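The values are calculated or read from the model by the stated rules, or taken from the named source; none is laboratory data. Bear in mind that the values here come from a model prediction, so they are computed numbers and not experimental data. Cβ: placed from backbone, ideal geometry, glycine included. Neighbour counts: every protein chain shown.
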């Protein structure tokens, strides 16, 4: 599944992606800017605009074409699919790059669930294991495990929510209790919810030939006192996905499984000496193009046809275009010499008016 070359080439331009939001958005309410999302709170509701920004190692790196559409469509799909498993904050989806949600008080902990021994960051479970550590966030790990190997059971490895500009910290649950971040009773509810959501996501991904490797969940308290899922769920930003086909062979050969998430961007950064400290290397057009392609592939692979109704670029993607065309500035010849117009972003539509 590929994005037509002309659409992608146009979207690679600075004005082709949604990054900063102008003052015209302030009418939506009190603004809070996250790494990827712009949040506007007003009268018990939160409007969340999903930009095209990409971050890694808690640092914003730039923008990826169509990323906001994909994230919003995938998260919305999973919010709807898991509503019977655990309640969430979703109210409405007014635009491919925005949702309206219940205004909740965030619980200051990320519930990270891991099914495999993997990761490239210095705080990942694999890096800890590689250093010889056999306890991770309170979980004992046996000797003899291989990189990317499936764990004996899914593990909840909570992470603190760091202040803006700082790095999150993976900790054992007892540390959360000692710091007064959550009580044991609240954590038990969060842990049970995270494991149920992850098991559901793994089962759904398996039906589509994918492996949901790990993910993170954020939860909050709604005005009526309910604990609900917030932010996002099972997106390529919050989760790792591998293709099931070829996983066993890659594991046996000591190779990285084929992935559909932003992990390859992290690997690209690490290969260039960046893992969160100092200035990051600028994203090249090639890495941005590849990232855009992977995001769209995952949207259709993990969420399927349901995404088409909400994600304009996924609906316009064609299965016949070769991947090599992504990095070509020229449109293909013949029948595709007149490509579809590039879908307008939320920001372009807001500036253009009705």
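Apart from one condition, residue 122 fits all of (1) under 23 Å from residue 195 (Cα atoms); (2) surrounded by fewer than 17 Cβ atoms within 10 Å (Cβ to Cβ); the exception is (1).
Regarding region 248-261, can at least one residue be identified that is out of contact with any strand residue (DSSP E or B) (no Cβ under 6 Å at 6 or more places or on another chain), closer than 25 Å to residue 194 by Cα and modelled with pLDDT under 95? Looking through region 248-261, none of the residues is out of contact with any strand residue (DSSP E or B) (no Cβ under 6 Å at 6 or more places or on another chain), closer than 25 Å to residue 194 by Cα and modelled with pLDDT under 95.
Residue count for region 232-258 under the criterion of being without any contact (Cβ under 8 Å) to a residue 24 or more places away in the chain and within 30 Å of residue 33 (Cβ to Cβ): the result is 1.
Restricting region 246-269 to residues that are under 19 Å from the mean Cα position of the chain (by Cα) and in a helix (DSSP H, G or I) leaves a set whose member that is surrounded by the fewest Cβ atoms within 10 Å (Cβ to Cβ) is 267. Taking the criterion of being within 30 Å of residue 267 (Cβ to Cβ), at pLDDT 95 or above and crowded, with 22+ Cβ neighbours inside 10 Å, the only residue of region 80-109 that qualifies is 109. The one condition from (1) in contact with a strand residue (DSSP E or B) (Cβ under 9 Å, 6 or more places away or on another chain); (2) loosely packed, with under 14 Cβ neighbours inside 10 Å; (3) without any contact (Cβ under 8 Å) to a residue 60 or more places away in the chain; (4) farther than 20 Å from residue 135 by Cβ that residue 180 does not meet is (1). Every condition in (1) at pLDDT below 95; (2) closer than 26 Å to residue 265 by Cα; (3) surrounded by fewer than 21 Cβ atoms within 10 Å (Cβ to Cβ) is met by residue 73 except one, and the failing one is (3).
Against the numbered list (1) over 21 Å from residue 64 (Cα atoms); (2) at pLDDT 95 or above; (3) surrounded by 12 or more Cβ atoms within 10 Å (Cβ to Cβ), residue 306 comes up short only at (2).
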